[in-house]
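Okay, so here's the structure we're looking at.
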Amino acid sequence: MIIELREFTRVEGNGKAEIVIEDGEVKDVRLKIIEGPRFFELLTLGRHYYDVPDLEARICAICYLSHSVASVLGIERAFGVEVPEEIALIRELGLIGELLESHALHLYLLVAPDVFGYPDAIRMATKHGELVKEGLALKGFGNRIRVMVGGREIHGINVKPGGFGRYPTVEELERVETESEALLRLARRAVRLFTQLDPYGAQAKHFVATDGYLWGEKLVSDEEGEFHYTERIEERSLVYSFAKQSRYKGEAFFVGALPRLLLKSEMLTPRAKRLFEEHRGKLETGYVSYNNLAQAIELVYSLERANEIAKTLLDRGIEGENIPVEPREGEGIGYVEAPRGVLIHHYRIDGSGNIAYSNIITPTALNHAMMEASLLEEARKLYGEADERAMIGRLEETVRAFDPCISCSVHLVKL
Amino acid sequence: MMDKLKLGVFELTDCGGCALNMLFLYEKLFDLLEFYEITEFHMATSLSEGNHYDVALVTGTVSTQRDLNLLKEARNHSEYLIALGTCATHGSVQASVELPIREKLKAVYGDDGNPMRALDSKPVVEYVAVDFALPGCPYDKNEVYQVLMDIAKGIEPVRKDYPVCLECKLNEYECVLVKKGLPCLGPITYGGCNAVCVRSGLGCIGCRGPLPGEVNPAGEYEILKELSYDDEYIVRKFKTFARWEP
C-alpha cells in the first residue's frame, strides 16, 4: 500500500511524498519534487559571464542574492580576480539581509502556525498579531538590506563580478546600524519561542558547511578538514523526482542553519554565541527539527553582524570602486551559505568570457536524502500509533524544518 | 458587510518569487484582506477550500502535465484570471532554452525517458484565455495591489502603455545606453518597474517583456550593433525573458 501525501504547503515550490507500507510496516519513503525542471545550466551555457549572475538570481526568489553572490564568486575565481575588503563586506551584508528575510519568513509565517495550531499566519494573526508583526518587521529589515545591496527585493541585478552597479550610501548604512540594534530584542524572543519545539525527524550523522560563516573557499564537514564538493559529494538521478539526490561519502548529510552552528560556532557574534552555548546540548543531538531553533539563533547573529559591518564601513568610508575584470580561460567554484544551506556554483569559462560548463547544486538537493531519512524515521514512529491526519501533519512539519526551497532543487545537472 | 471575494493563488513552475512578492506587500496585504478571502495559496496556507474563485492569480510557466491540469482547474473555476509575472505572460528564462524537451531532459537527467511528464515550458497565455496579464520578473508589487483593488471596486484595471525609458526620465536617471554604452533594453521594454535596474546604474534586462504596439526592436538592434555588441549576444538578450521578434 502507498500513502500519498498531498502537496506540501507552507514551503516554497511544489513537492510531495509517498509512504510505502508493506505487511503493516513502513518500508520506504519517497520525496517527490514535482516542480517542473528549469534547465538553468543549459540556459547559461554559451552566455557572456557578465549577464550570468542576473540569470542565476532567477533560480530562487527567497535567496536570489545567494545565487548572485555564488555566481559572482565562481566567475571571479575562474578569472583569478580578488576583491578588496569593502566589496567583500558589502556582499556579506547582502547575504545577512537575505538570511534575515528568509529565516523570518520561514520561522514566523511558515513554522509558527504549527507551534500555535493554525493553518497559516494570516489566521494566526487574529490572536497572535504582535508576533506576526515582529516577524514582518525582521523580514522587512532584511529586505531593505537586499534592496540596498542587491538592487531590489527579488531578483536584483546590482551584484556584479568585480563589484556593484551602485554602492550603499552613508545614510543607508547608518539606518542599518540603528535598525539592527533596535530589532535584536525581537530576535531574542524568537529564540525563546522556538526552543519549545519537540525533537522530530532523523538525527543527522554528517554535517557539511562552507569554511567561512556565509561563504568560503572550500567545504568542511564534522569529520574532516577542507574539501571540494567534487571530492566527496555524488549526485544521482531518481525516477520519481525532478531533483537529483546528493550523498556525502555515500550517505545522507545535512546542510543548513544547524550544521552551520555546530561546525562554526567559534565564528558567531557574542550574543549569538551565548545563545548557542545555552542550547548546545539540544542542538548537538542533531535532530533536524532543531534547525528551526538554529535559525532563530542566526537571526540574532545576523543582526549583530549587520551592525558590525555597518559600523566598519562607516568608519573606513565607502570608496565605491569596482575591480576591473578581464576574462580569461579558467574554472571556478563559488561556495555560499544560502539561508537553507550550502549552495554551489561551478563554472568553466572560455577565453572570450562565455560560459562553457556550469554545474549548480542547491541546498534542497544536498538535503534531499536527509529529508527522506527524516520522513522515514518519523513515519515509522507514527504509523499505526497516531491517526493518519496527525501523522501527515507531522511529516509535513518534518520537511518544513529543512526550510526546503523546491524551485531551486530542480536544475542540478552534470554536463 | 458585503461578502469578500474569493482569491486563489496558483503556482506552476517558477522560482516562487511571484507568490512570495504577495507576502512582501506587508500591511497592504492586510488591506487587501478587507476585500478578499484567500482560499488557495499553498506557499502561505495549509487550507485549501476553494472550488470557485472570484479572482485567480496564476504564476509560473506550464512545464509539466501537473502544471497544465492545475491551470485548467484554475481557469474553469475562476471568474477573473490574472497571468501574473513574466513566466506566466511570456515564459521568462526557463522558456528561453530552445531545445526539444527530450534533449533537455537527456542533458540533465541522462536518459531518454520522461517519467514525470515534463513539457516544454510555455507561458500560461498560450494555453488559456486570461482576463489580465501583468508581467515582471518579478512584477511590481504595488501594481498587483492596484489591480486587485480595482477589481474589488468593480473597475477594469488599466494596462500601462509606456516603455521603461519614460520611468527613467521621470526619475531623472542618467541614460546608461547613451552615456555608458551599456546594453539597455529600456526603450523597448514594457514599463511598470520604475526603472529599477537603471537605478543601480545598470542596463534594463528586459524582464517585463516587449511593450506592445509602437515598440521598435529593429531600432534597438541597430543601436546595440553600433555599440559593437555582436548579433548572437543581442538576439540572446532579446530572447531571454520573452520571445521578441526583432
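Structure values in brief
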quantity	calculated
Within the protein assembly as shown, helix-based [θ] at 222 nm, where runs of 4 or more DSSP H residues each add -39,500 (n - 2.57), nearest 500	-13000 deg cm²/dmol
10 Å Cβ neighbours from other chains, averaged over peptide B:229-235	1
Charge dipole (the range B:7-166, unit charges on Cβ, about Cα centre) - positive-most of B:P135, B:T89, B:L119	B:L119
The protein assembly as shown: Cα Rg divided by the 2.2 N^0.38 Å rule of thumb	0.90
Aspartates and glutamates with Cα under 18 Å of B:K225, excluding same-chain neighbours fewer than 8 positions away	A:D51, B:E245
Residue-by-residue Karplus 3J(HN,Hα) for the range A:154-159, coefficients 6.51, -1.76, 1.60, Hz, glycine and proline x	10, 6, x, 10, 7, 8
From phi via Karplus (6.51, -1.76, 1.60), per-residue ³J(HN,Hα) for the range B:226-232 in Hz, x at Gly/Pro	4, 7, 6, 7, 7, 3, 4
Over 22 Å between alpha carbons, listed pairs A:K16/A:K381; A:K282/A:K311; B:K104/B:K239; A:K32/B:K104; B:K4/B:K72; A:K160/B:K179	A:K282/A:K311; B:K4/B:K72
Max mean-square fluctuation residue, GNM over chain B, Cα-Cα springs under 10 Å, options B:G192, B:G50, B:G110	B:G110
Cα centre as origin, Lys/Arg/Asp/Glu Cβ charges: the range A:2-408 dipole, Debye	780
Local net charge near A:D114, Cβ-Cβ under 11 Å (Lys/Arg +1, Asp/Glu -1)	-1
Long-range amide H partners of A:V342 with built H, under 5 Å	A:G256
Nearby aspartates and glutamates by direct alpha-carbon distance to B:K153 (threshold 17 angstrom, same-chain neighbours under 8 apart not counted)	B:D3, B:D31, B:E34, B:E37, B:D54, B:E79, B:D131, B:E143
Accessible area (Å², per residue) of chain A, counting only protein heavy atoms and a probe of 1.4 Å	32
Loop GluC sites (Glu not before Pro), the range A:330-401 (other Cβ atoms within 10 Å of the site Cβ: 16 or fewer; DSSP)	A:E385
Length gained when the stretch A:I323-A:E181 is fully extended (0.36 nm per residue, less Cα-Cα span)	47.9 nm
Burial ranking of peptide ranges B:180-191, A:100-111 (average Cβ count within 10 Å, highest at the top)	A:100-111, B:180-191
Order of exposure, largest accessible area first, which applies to A:T126, B:T39 with probe 1.4 Å	A:T126, B:T39
Shape of the range B:1-118, Cα gyration tensor, a/c cut at 1.5	prolate
Accessible surface buried upon B-A contact (total; probe 1.4 Å; Å², nearest 100)	5300
Ordering of B:24-32, A:314-322, A:173-181, A:291-299 by packing [mean C-beta count within 10 Å, highest first]	A:291-299, A:173-181, B:24-32, A:314-322
Number of partner chain Cβ atoms within 10 Å, mean per residue of A:51-61	5
Options A:A209, A:A272, A:S358, ranked by Cα towards positive dipole end of the range A:2-408, top entry (Cβ charges)	A:A272
Backbone N within the range B:43-80 under 16 Å of label point (7 Å from B:R243 Cα along the Cβ vector)	B:61-64
Within the range A:305-337: backbone nitrogen closer than 12 Å to the A:A356 label point (7 Å, Cα to C-beta)	A:328-332
Segment A:I2-A:K249, extension gain: residue separation times 0.36 nm, minus the distance between their alpha carbons	85.9 nm
Nearest-0.05 FRET efficiency for A:E82 and A:K282, computed from C-beta distance (R0 45 Å)	0.65
Net +/- balance of residues flanking B:G136 in space, Cβ distance below 10 Å, scoring K and R +1, D and E -1	0
Net charge over other residues, Cβ less than 12 angstrom from the Cβ of A:A401 (K, R count +1; D, E count -1)	-2
Furthest towards positive pole of dipole, A:A187, A:P37, A:P53, structure part chain A, Cβ charges	A:A187
Dipole in debye (nearest 20) - the range B:164-242, about Cα centre, beta carbon charges: Lys, Arg +1; Asp, Glu -1	260
With all protein chains modelled, accessible area of B:C18 [1.4 Å, Å²]	20
Average partner coverage of B:17-26, which counts Cβ from other chains inside 10 Å	5
Spin-label model distance (nm) - A:L45 vs B:Q65, 7 Å beyond Cα toward Cβ	2.7
Karplus-derived 3J(HN,Hα), 6.51/-1.76/1.60, for each residue of the range B:239-244, Hz, glycine and proline x	9, 5, 9, 9, 8, 5
Net length gained if the chain between B:K180 and B:Y162 were fully extended (0.36 nm per residue, minus Cα distance)	4.2 nm
Amide N of the range A:119-148 lying under 15 Å from the label point, which is placed 7 angstrom from the Cα of B:L25 along Cα→Cβ	A:122-123
Given charges at beta-carbon only (K, R positive; D, E negative), |dipole| of the range A:1-99 in Debye	260
Amide H partners (placed H, <5 Å) of A:E12, local residues excluded	A:I406
For chain B, built as a Gaussian network whose Cα springs stay under 10 Å, the top-fluctuating residue of B:V128, B:V178, B:V108	B:V108
Ranked order, A:V159, B:V125 - accessible area, probe 1.4 Å, largest first	B:V125, A:V159
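The values are calculated or read from the model by the stated rules, or taken from the named source; none is laboratory data. As the structure is a computational prediction, the values presented were derived from the model and not from experiment. Positions of Cβ are backbone-derived with ideal geometry, glycine not excepted, and every protein chain shown enters the neighbour counts. Surface areas here come from the heavy atoms of the whole protein model, side chains and all, with no ligands, DNA or RNA. Shrake-Rupley method; radii C 1.70, N 1.55, O 1.52, S 1.80 Å.
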